[in-house]
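One structure is given below, encoded as structure tokens.
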Amino acid sequence: MAELDTSSKEGKGGKVRSKKASTRVDLTAMVDLAFLLITFFMLTTTLNKPQAMDLTMPDKNEKKQDDNMAVAASRTMTILLGSDDKLEWYIGEPGKSAPTVEGYGKDGIRKTLLENSQKVKASTGKDMFVIIKPSDKSVYKNTVDILDEMAIANIQSYGIVDITKAEVDELTKQGIYK
């Protein structure tokens, strides 16, 4: 309990002095309350649970050459991840179609994925296949963002592969490989 000590020491002497109140506040109860509150909030809050993204990876033990999936170039979209949150994409084979530089988000690659997926579905009757190629100048966030865009655009078939030297040169030419 808090207490206030107002006693004063009276000494000898003929001078009349005013009484000075010495103040002493006992903070034991306040410290107890603080620890109780800290304990209460630690026990009642929930910590953030890590969010994981499901990826299906090929089995390392099975190394069959016959398992290569042939996909027509007309229904293949390649996305090259560059620096500064920019990417470059093209449809078909490299060098045969003009690459386009875009950013992430609903007005960037998401819109492009939705449009191209509908075009490929209308022309071939099959789903579009997307090849994702992160460069060494892209950050981990860019890979997670493009995988999120795949889920949002409902692209079922995509793969992450290594980028080639020719594609790095194309990114450098576009100014997104810094």
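Read the figures in this text as sums done on the coordinates, not as results from a lab. All values reported here derive from a predicted model rather than from experimental measurement. Positions of Cβ are backbone-derived with ideal geometry, glycine not excepted, and every protein chain shown enters the neighbour counts.
Computed values, structure above
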item	result
Subset of K141/K165; K96/K178; K119/K178; K96/K137 violating a 27 Å alpha-carbon distance limit	K119/K178
Least to most buried among K126, K60 (fewest other Cβ within 10 Å first)	K60, K126
Karplus (6.51, -1.76, 1.60) ³J(HN,Hα), θ = phi - 60°, over the stretch 124-132, in Hz, Gly and Pro reported as x	10, x, 10, 6, 7, 10, 10, 10, 9
In order through the stretch 30-47: 3J(HN,Hα) via Karplus (6.51 cos²θ - 1.76 cosθ + 1.60), integer Hz, x for Gly, Pro	5, 5, 4, 5, 4, 5, 5, 5, 4, 4, 4, 5, 5, 7, 9, 8, 10, 7
Rough spin-label spacing in nm, given labels placed 7 Å along Cα→Cβ, for D127 and K20	8.4
Amide proton proximity set for I132, modelled H, under 5 Å, gap of 5+	I79, G159, I160, V161
Residue-span extension gain [D162 to A72] - 0.36 nm each, minus C-alpha spacing	30.4 nm
Nearest-0.05 FRET efficiency for T28 and D85, computed from C-beta distance (R0 41 Å)	0.15
Proximal charge balance of T100 [Cβ under 13 Å; K/R count +1, D/E count -1]	-2
Rounded, prolate or oblate (a/c below 1.5 giving rounded, otherwise prolate when a/b exceeds b/c) for the stretch 74-126 by Cα gyration tensor	oblate
